[in-house]
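Values in this text are rule-based calculations from the coordinates and carry no lab data. Note that this is a predicted model, so its numbers are computed, not measured. Cβ placement follows ideal geometry from the backbone for every residue including glycine, while neighbour counts extend to all protein chains displayed.
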Amino acid sequence: MSATSSLRTLEPLNRPSVADTVFDQLNRQILSLELPPGTKMSEVEVAKALGVSRQPVRDAFYRLSKLGFLSIRPQRATLVSQISEAGVLQARFIRNAIEAETVRTACRVLAKEDHSALDEIIDQQKQAVDANDPVSFHALDDQFHKEICDRSGLGFVWDIIREKKAHMDRVRFLSLSFASQDAFGDHVNIMEAIRARDEERAMQQMRLHLSRIQQQIVRIRAAHIHYFADEADT
C-alpha cells in the first residue's frame with residue numbers, strides 16, 4: 001500500500017490549535033467588555049500572559065482585526081476597536097434581510113428533531129436569564145440563530161453574518177443588562193412560528209427581534225459614549 005493510500009485512512013483532528021484557543025479567549029473578553037474599546041493590545045504582553053509564543057497571538061490578532069474587533073496600525077499601538085454605530089446598523093440590515101428568508105426556509109424544512117434541538121437551546125437560555133448570566137445567554141443566542149441556519153441547509157448564511165456582526169455583538173451584550181427577557185421571548189415566538197410552519201409570522205418575529213437594537217443602541221450609547229467611535233467626520 002502506498003503512503004498516499006495510508007494517509008487517506010486518517011481521521012482529521014478536531015483539537016483546537018493554540019491560535020484558536022488564543023482567539024477564543026480574546027474574542028470572549030472583547031465581546032464581554034472585559035477588554036473595552038480603546039484598550040491597547042501588545043502581542044508580547046498577551047503571549048506572556050497566556051504562556052504561548054507570539055505567532056499564535058499574531059494569528060489571533062489578525063482574525064480579530066478581520067472581524068472588526070481590533071485596529072492594527074503599523075508602527076502604532078494595536079487597539080480594541082471602538083463600536084461603530086454605522087457598523088451596528090449595517091449588520092442589523094444584513095441580518096434582517098437574510099435571516100427573515102432563513103426562517104421562511106426553516107418553516108418548510110425543519111423536522112421534529114430539529115424543533116427539539118432548538119427547544120433545548122431555548123430552555124438553556126431560560127436558565128441563563130434566571131441565573132443572570134449574560135455571557136452564557138449571548139453564546140446561546142448565537143447558537144440559536146446558527147442552528148436555524150445550519151438545520152435549514154443554509155450554513156453559509158451564518159458565515160456571512162459572523163463576518164459582519166462584531167460591532168453589533170458588543171451592543172447586544174450590553175443590552176442584556178436590561179433586555180435579556182425580551183430577547184428570550186422573541187426566540188420563543190420565533191420557535192412557535194417555525195413549529196407551526198407559519199412563514200409570514202416567523203419572518204415578522206425575526207424582523208421584530210433584530211430591529212430591537214435600533215432602540216437599544218440609543219440607550220447604550222448614552223450610558224457608554226466613550227465606547228463608541230466619533231463618526232461625525234467619517
If unit charges are put on Cβ atoms (+1 for Lys and Arg, -1 for Asp and Glu) and the dipole of the range 85-227 is taken about its Cα centre, the option from Ala183, Ala128, Ser116 lying farthest towards the positive end turns out to be Ala183
For Leu35, the residues 5 or more places away or on another chain with a placed amide H closer than 5 Å to its own amide H are Ile30
The exposure ranking of Ser71, Ser175, Ser116, fewest beta-carbon neighbours within 10 Å first, is Ser116, Ser71, Ser175
Karplus-derived 3J(HN,Hα) from phi for the range 71-83 (6.51 cos²θ - 1.76 cosθ + 1.60, θ = phi - 60°), whole Hz, x at Gly and Pro, runs 10, 9, 10, x, 6, 9, 5, 7, 10, 5, 5, 6, 6
Log10 I(q)/I(0) at q = 0.21 Å⁻¹ for the range 18-80, from Debye over equal alpha-carbon scatterers, is -0.77
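By its C-alpha gyration tensor, with a ≥ b ≥ c as the square roots of the eigenvalues, how is the chain shaped: rounded for a/c under 1.5, else prolate for a/b larger than b/c, else oblate? Show your work: numbers first, answer last.
On the way: a/c = 1.93, a/b = 1.13, b/c = 1.71.
Taking the square roots of the gyration eigenvalues as a ≥ b ≥ c, the chain is oblate.
How much FRET efficiency would the formula 1/(1 + (r/R0)^6) give for Gln124 and Leu33, where r is the Cβ-Cβ distance and R0 is 22 Å, rounded to 0.05?
On the way: r = 23 Å, r/R0 = 1.03.
The value I calculate is 0.45.
Given the -39500 (n - 2.57) contribution per DSSP H run of 4+ residues, what per-residue ellipticity at 222 nm results for the chain, rounded to the nearest 500 deg cm²/dmol?
On the way: 10 runs with 168 residues, N = 234.
Calculated mean residue ellipticity at 222 nm is -24000 deg cm²/dmol.
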Row for the range 55-110, column shape: gyration tensor on C-alpha, a ≥ b ≥ c, rounded if a/c < 1.5 i.e. under 1.5, prolate if a/b over b/c, else oblate; value oblate
Expressed in nanometres to one decimal, the distance between label points 7 Å along Cα→Cβ at Val135 and Gln214 is 3.4
For Lys164, the lysines lying under 18 Å Cα to Cα, once residues fewer than eight places off in the same chain are dropped, come out as Lys66, Lys146
For Lys165, counting only aspartates and glutamates whose alpha-carbon sits under 12 Å away and dropping same-chain residues fewer than eight positions off, the answer is Glu85, Asp142
For Ile83, other-chain or 5+-apart residues with amide H closer than 5 Å (H placed, Pro excluded) are Phe228, Ala229
Along the range 149-158, Karplus-curve 3J(HN,Hα) (6.51, -1.76, 1.60; θ = phi - 60°) to the nearest Hz, with x for Gly and Pro, reads 4, 4, 6, 8, x, 10, x, 4, 4, 5
